[in-house]
Amino acid sequence: MSSHKFNTIIKGATIYNGTGEDSYRADVGICGEKIVAIGDLNSDGANIIDARGLSLMPGIIDVHTHYDAQITWDPTLSPSPSMGVTTAVMGNCGFGIAPCPPERQEIMLKNLSVVEGMNLKTLLEGTQWKFESFPDYLKYIDQQRPHANVAVLVGHSAIRTAVMGDDSSVRIKPTEEELDAMRAIVDDALLHGAIGFASSFSPNHSGYEGRPMPSTIAEDEELYALLEPIKKRKGVFVTAGGQRATPEYLEHVSKTFDCPTFLVSVLAMHNDSDPSASTDYYRRCEQALDRGREVYIHANPHPLSFDFTLRNPYIFYAHEAFNAVKLASPEQLVSIYQSPKFRNEFKHNLSERKIGAIFNGAWDKIELNEIPITKLAKKANQEPLDWLFDQPLDAQFVGKMYQNNDEGVGKLLSHRNAIIALSDAGAHVEFLCDAGFGLYFLQHWVNKTGTFSLENAVEKLTSDPAAKYRIKERGRIKEGYYADLVLFDPKSIGISKLFKLDDLPGEGSRLMRKPNGIHSVWVNGTKVIDKENTQTSQEGPGHVLTEFDF
């Protein structure tokens, strides 16, 4: 029994508390924003939720999202809260929108439209520029009253664009004054609550008109200068990597700047054509961890598929043959693709197997209407490359390049250096919707394959990312912790198939999924999603997180 006064009591649920410990049945009492009691609870006047036959877990923490622009017009962060996500980390890969002086706004969004696969008209019409500095951005999104908690990484490409303008994608070395200005921005961002600093070295990250994203051309001298405030202020470092971002490189960063480091790279994903490559990355990261240096890998639990057309064949952009494609008008594309010079150059590129490229010749992984194009090309008596570039510009292809082998992927997800992540929520919305990565993890890796127990899976989605990202008082069902909670049916938990929704600014469309098995989601003690997958709160109860457990 308890003498507490409660706003809400969730009665009789099976509790998965986020620690990996055995589940148990109990009531959970909420007062204000926090869990204040767990046990056999009664209280007159409390809102009683009958949760018998259901399970209760902490809210999912999604450490890899790109809601930086969307949150300015959509504080609901759709669809993440409906998918059980109660905390989202934004600004990944260094592609945020703050700081940004007015004269840089258009190029900032143009770059985002390409690198994050978003409709430019949606970004231009939807993004609300009520800020310039990073601290003002944090204040603005707090005023937006988000429906989930958010933490924000300050981004390398955004900073470079703000300081260097059009030169940011072409000039490798900043001036001394520019470098000082960029370092001061990082310092100020961390002082006002950024969770850390994010960058990208990936050759797949191209911006508007095929220009490299600014951070990808920056040298180590610049990166290390921008990491100096991390050592003083504390924060995480996250990078999307190419060949440069090795486990040893991140270990050096972790040691030099005394920070947890996180790698996002296709090189650390399972690839059937080279299955030992990803396990080698994990082995080397584990060695760093054994030496006391925190080097982790964002591990996506779902198959990584790339929807693309020949109008925007971004999975090939790391190859030199596509330099002309990036700059071409739609009218010029057909003649380029028909050119023997282009096709021969691309064949030569593939023969060199470029490290860090999304695609290196696995034609059987590319499908049209769920049929591998190798079969379609064989039927047409053509090579796959020639067959592909004879197709209409708007034909919709899917490249199933990585994380498509359960046995291989399961070993990576179970690794102690893995952090379950990489939803990319808020980006690539016309091509994918992986915001339900956590529900898919429970559906596939618990219920279907049995790779994880439900207790361990919940831990991997909640307290594990909270601990690694130093997020305070979240990720567990524990007295004194914030009441970020998900009530669900463990037997039916999962996500729907993709469907199209035309609801973005500028008449933009996106692919969407619905959750299965979700009964309620609470953020800071306020219910935000009910069983019908509808919002129950007009003003969001989410916090902009600015204090962490470093």
Q: Out of Asp307, Asp290, report the one residue that is modelled with pLDDT of 90 or more and over 15 Å from Arg343 (Cα atoms).
A: Asp290
(Q) I'd like to check something: does region 317-336 contain any residue that is within 30 Å of Val264 (Cβ to Cβ) and among the basic types (Lys, Arg)? (A) yes
**Q.** Flag for Gly91 being under 25 Å from Ala198 (Cα atoms), of a type in the set (Gly, Ala, Ser) and out of contact with any Phe, Trp or Tyr (no Cβ under 8 Å at 6 or more places or on another chain)
**A.** yes
Q. Which one of Gly126, Gly96 is farther than 28 Å from Asn17 by Cα and under 14 Å from the mean Cα position of the chain (by Cα)?
A. Gly96
Q.
Which count do you get for residues in region 142-168 that are of a type in the set (Val, Ile, Thr) and in a strand (DSSP E or B)?
A. 3
Q: Would you mind stating whether Ala427 is part of a loop (DSSP other than H, G, I, E, B), farther than 24 Å from Leu267 by Cβ and either touching a residue at least 12 places away in the same chain (Cβ under 8 Å) or in contact with a helix residue (DSSP H, G or I) (Cβ under 9 Å, 6 or more places away or on another chain) (or both)?
A: no
(Q) Can you tell me which of (1) more than 32 Å from the chain's Cα centre (by Cα); (2) in a helix (DSSP H, G or I) is the one Phe346 doesn't meet? (A) (1)
**Q.** Within region 228-239, considering residues that are surrounded by 18 or more Cβ atoms within 10 Å (Cβ to Cβ) and touching a Lys or Arg at 6+ places or on another chain (Cβ under 9 Å), the one farthest from Tyr317 (Cα to Cα)
**A.** Lys234
Q) Among the candidates Ala245, Ala288, Ala218, which residue alone is in contact (Cβ under 8 Å) with a residue 12 or more places away in the chain and within 22 Å of the chain's Cα centre (by Cα)? A) Ala245
Q) For Pro81, are the conditions met, namely being of a type outside the set (Val, Ile, Thr), touching a helix residue (DSSP H, G or I) at 6+ places or on another chain (Cβ under 8 Å), closer than 14 Å to His147 by Cα and not in a strand (DSSP E or B)? A) no
**Q.** Residues that are assigned to a loop (DSSP other than H, G, I, E, B) and in contact (Cβ under 8 Å) with a residue 24 or more places away in the chain, drawn from region 262-278
**A.** Ser265, Met269, His270, Asn271, Asp272, Ser273
Q) Can you name the condition, by its number, that Ser537 falls short on among (1) modelled with pLDDT of 95 or more; (2) over 30 Å from Ser254 (Cα atoms); (3) of a type in the set (Gly, Ala, Ser)? A) (1)
Q.
Name the residue that is farthest from the chain's Cα centre (by Cα), counting only residues in region 1-51 that are among the acidic types (Asp, Glu) and surrounded by fewer than 20 Cβ atoms within 10 Å (Cβ to Cβ).
A. Asp44
Q) Assuming Pro303 fulfils every condition listed in (1) free of Cβ contacts under 8 Å to residues at least 40 places away in the same chain; (2) within 27 Å of Gln396 (Cβ to Cβ) apart from one, which condition is it? A) (1)
Q. Among strands (runs of 3 or more DSSP E) lying entirely in region 26-75, which contain 2 or more residues that are under 30 Å from Gly117 (Cα atoms) and in contact (Cβ under 8 Å) with a residue 40 or more places away in the chain?
A. 60-62
Q. Under 27 Å from Asp549 (Cβ atoms), assigned to a loop (DSSP other than H, G, I, E, B) and modelled with pLDDT of 95 or more - does that describe any residue in region 392-415?
A. yes
Q. Restricting attention to region 402-433, which residues are within 23 Å of Asn360 (Cα to Cα), out of contact with any Gly (no Cβ under 7 Å at 6 or more places or on another chain) and surrounded by fewer than 23 Cβ atoms within 10 Å (Cβ to Cβ)?
A. Asn404, Asn405, Asp406, Glu407, Gly408, Leu412, Leu432
Q.
Exactly one of these conditions fails for Ala181: (1) in contact (Cβ under 8 Å) with a residue 40 or more places away in the chain; (2) of a type in the set (A, V, I, L, M); (3) surrounded by fewer than 17 Cβ atoms within 10 Å (Cβ to Cβ). Give me its number.
A. (1)
Q.
Filter region 342-387 down to the residues that are among the aliphatic types (A, V, I, L, M) and either in contact with a Gly (Cβ under 8 Å, 6 or more places away or on another chain) or free of Cβ contacts under 8 Å to residues at least 40 places away in the same chain (or both) and list them by number.
A. Leu350, Ile355, Ile358, Ile366, Leu368, Ile371, Ile373, Leu376, Ala377, Ala380
Q.
I want to confirm something. Restricting to region 205-238 and keeping residues that are assigned to a loop (DSSP other than H, G, I, E, B) and out of contact with any Ser or Thr (no Cβ under 9 Å at 6 or more places or on another chain), which single residue is nearest to Val115 (Cα to Cα)?
A. Glu219
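The values are calculated or read from the model by the stated rules, or taken from the named source; none is laboratory data. Treat the numbers as computed from the prediction; the structure is a model and nothing was measured. Using ideal geometry, Cβ is built from the backbone for each residue, glycine included, and neighbour counts are taken over all protein chains shown.
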